[in-house]
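Written below as structure tokens is the structure these notes are about.
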Amino acid sequence: MPGAASALSPEQLADSWMSAFRQFQHMDLGGLNTESAALNMPKLGMPQLSFSPEKMLALQQDYVQQATELWNQSLQTNPAIKDRRFSGTAWLHNPLASFTAAVYLLNARTMMRLAEAAEGDAKSKNRLRFAVEQWAAAAAPSNFLAFNADAQQKAIDTQGESLAKGLANMLHDAKQGHMSMTDESLFEVGRNVATTEGQVVFENEFFQLIEYKPLTAKVYEKPFLLVPPCINKFYILDLQPENSVIRYAVSQGHHTFVVSWRNPDQRMEQKTWDDYIEHAIIKAIETVQDLTGAKHINALGFCVGGTMLTTGLAVLAARGQKPVSAVTLLTTLVDFSDTGILDVFIDENFVRYREMQMGAGGMMRGQDLASTFSFLRPNDLVWNYVVGNYLKGETPPPFDLLYWNSDSTNLPGPYYAWYLRNTYLENNLVKPGKAKVCGQKIDLRRLDMPFYIYGSREDHIVPIEGAYATTQHLPGKKRFVMGASGHIAGVINPPAAKKRSHWVRDDGKFPPNAHDWITGAKETPGSWWPDWADWLKGHAGKQVPAPKAYGRAPKYKAIEAAPGRYVKAKA
């Protein structure tokens, strides 16, 4: 229990630690399945780790010393705690609560040091570290009403009203199927998110194609197609007018189109990666060409949308077609040799299990995917809301990005199984001729058009090393830009905000790894968007009068106003 140590002496703490260590030594890490993260994973087949007796002795001695100091300090004053989970007034004024928090932090630090001291292969150590991080996040005394001094004080101050609200919040979240990260009642797609003016001009069973109304008298002659990830909904690129990537592209004079993915249901349980490439990526490119009459277009892919766009272009190149003049990839993995924390989940057993489970048909539930990504940052995206929503009875503040984050999408099982094996497990897209898609062998060396490649420095989903690795496989002209912050915040960084920095390197060199590229890069304050806009204009052709109507009669007519109905379907 989180608070049990509060009644223990230093000697008892040491005995408790050694008992925990003996259990830790025999811990069946092959059982790591993060069921709490809704992954529903099988055992990962992890080998046994070993520990140096010298390191263990040093850890034990250090632990006993710190525990003794903590005990002696607690006899005189409350321990000083800097962790924001325990920074509330009630924690500071409650000696038992503050001591409980201090002991928890000491135990968590020691367990993490123990994980670092383990000897074994890198993947096993990463899995051990991840398991301990999950345990430490879940075991915090702040997560339990019996130990959370702030929640207890609030219950007293509100005469129990906070507990009643917390229970109501829990029942509401159970009914809706996911934990509330924001007040979702304040948002509506098409009303106050995804509001850039446009019309759906084409649809099939995979996607709707949205054409946006020009904001300039003239547009560039090469239309611009954006492909967002099908794992999420497209309006991350169109949250608000002031931070909309879509509106920014339109305002720069680009005749802009966006793929709005259908949220798969049972009718799509058999759809494959090939289906998505042929009937969505390639079809969207062909439709934009046909609708505008343009021989060549420009395209952007975001996250897995970039992986799919690159795959589709490789298929077209194998067929002798090169309809896209210039490509932008935002936080995209093409080379999956470095996938960051997600690698802890991937091995042959896990992928084979998924193939058996849904490779021939089925559905990867959107909520399972969303929970997985949330548990990559458990304190910020899980336990923070457990405490606020349920223990304190608070309503989370409105935040459009977190509303989007909660609006999950499903994936067809065969698509998902192919993706796991051929990217995360075997990294086949960068092996010339290894992956076969739509009847064509994939060879990225055929993609000789210019690429603008963006990666975020603190991205935990597409590590900067993984985003940069794309530069090593494309033979044409390339520009790589690194932005500050993470997977989403780094991308959604409009110039007017005057936030963060980005890094560029103008010597045209692309050394083998990201670290060496960063060494020679120059930091520039502010958003990377203007740099990208200048690059894209250079590949957009001459300016022509903006179209005065949507679509192209009689073949392509306006079906419904943007953002369309596909994006509104819930998982």
Give the Kirkwood hydrodynamic radius (Å, one decimal) of region 39-158, defined as one over the mean of 1/r across all pairs of different Cα atoms. 16.4
Under the Kirkwood approximation for Rh and a Cα-based Rg, what ratio Rg/Rh is obtained for region 411-541? 1.00
Rounded to two decimals, the Rg over Rh value of region 143-239 from Cα coordinates and the Kirkwood Rh reads 1.22
Part-to-part distance (alpha-carbon centres) for region 473-525 and region 326-380, which is given in Å: 25
Under the Karplus curve 6.51 cos²θ - 1.76 cosθ + 1.60, θ = phi - 60°, whole-Hz ³J(HN,Hα) for region 325-339, x wherever Gly or Pro sits: 7, 8, 10, 10, 10, 10, 5, 10, 9, 10, 9, 9, 6, 10, 10
Summed residue charge, Cβ within 12 Å of residue 374's Cβ, Lys/Arg positive, Asp/Glu negative: -1
Acute angle (nearest 10 degrees) that the helix 161-176 long axis makes with the longest principal axis of the chain, alpha-carbon atoms: 40
Using only the alpha-carbon atoms of region 221-328, report the extent along each of the three principal axes, biggest first, to the nearest angstrom. 39, 33, 22
Within region 140-208, list the trypsin sites (Lys or Arg not before Pro) lying in a DSSP loop whose Cβ has at most 16 other Cβ atoms in a 10 Å radius. 191
Take the residue pairs 295/568; 498/537; 295/555; 271/322 and return only those whose Cα atoms are more than 29 Å apart. 295/568
Tell me the carbon and sulfur percent of the accessible area for region 440-495, rounded to whole percent, probe radius 1.4 Å. 49
Rounding to the nearest 10 and keeping the result within 0 to 90°, find how far the Cα-based axis of helix 53-74 lies from the longest principal axis of the chain. 70
Mind ranking 541-553, 55-67 by how tightly packed they are, going by the mean number of other C-beta atoms within 10 angstrom, highest first? 55-67, 541-553
For region 83-147, alpha-carbon Rg over 2.2 N^0.38 Å: 1.32
Over all pairs of different Cα atoms in region 263-380, the reciprocal of the mean inverse distance gives a Kirkwood radius in Å of 16.7
Linear extension gain, residue 185 paired with residue 555, 0.36 nm per residue minus alpha-carbon span: 129.3 nm
Highest first, please rank the peptides 250-257, 399-406, 491-498 by the mean number of other Cβ atoms sitting within 10 Å of their residues. 250-257, 399-406, 491-498
Just to check, using Stokes-Einstein with a Kirkwood Rh over alpha carbon pairs, what's the diffusion coefficient of region 329-421 at 10 °C and 1.306 mPa s in µm²/s? 102
Which of the chymotrypsin sites (Phe, Trp or Tyr not before Pro) found in region 429-470 are loop residues per DSSP with 12 or fewer other Cβ atoms within 10 Å of their Cβ? none
To the nearest 10 degrees, how steeply does helix 304-318 sit against the main Cα axis of the chain, on a 0 to 90 scale? 40
Taking R0 as 30 Å, what FRET efficiency do you get between residue 75 and residue 112 from their Cβ-Cβ distance, rounded to the nearest 0.05? 0.65
Quotient of Cα radius of gyration and Kirkwood radius for the chain, i.e. Rg/Rh, equals 1.00
Starting from the Cα-Cα distance between residue 242 and residue 157, subtract it from 0.36 nm times their residue separation and give me the gain in nm to one decimal. 26.6 nm
Close Lys-Lys pairs in region 122-238, where close means Cα under 26 Å and separation is 8 or more or interchain: 7
Taking just the alpha-carbon atoms of region 112-187, what radius of gyration and Dmax come out, in angstrom? 18.4, 54
Region 383-487, accessible area per residue, ligands and nucleic acids excluded (1.4 Å, Å²): 34
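The values are calculated or read from the model by the stated rules, or taken from the named source; none is laboratory data. Since the structure is predicted, the reported quantities are computational estimates derived from the model, not experimental observations. As a convention, Cβ positions derive from the backbone with ideal geometry for all residues, glycine included, and neighbour counts pool all protein chains shown. All accessible areas refer to the heavy atoms of the entire protein, side chains included, with ligands and DNA or RNA removed. Shrake-Rupley method; radii C 1.70, N 1.55, O 1.52, S 1.80 Å.
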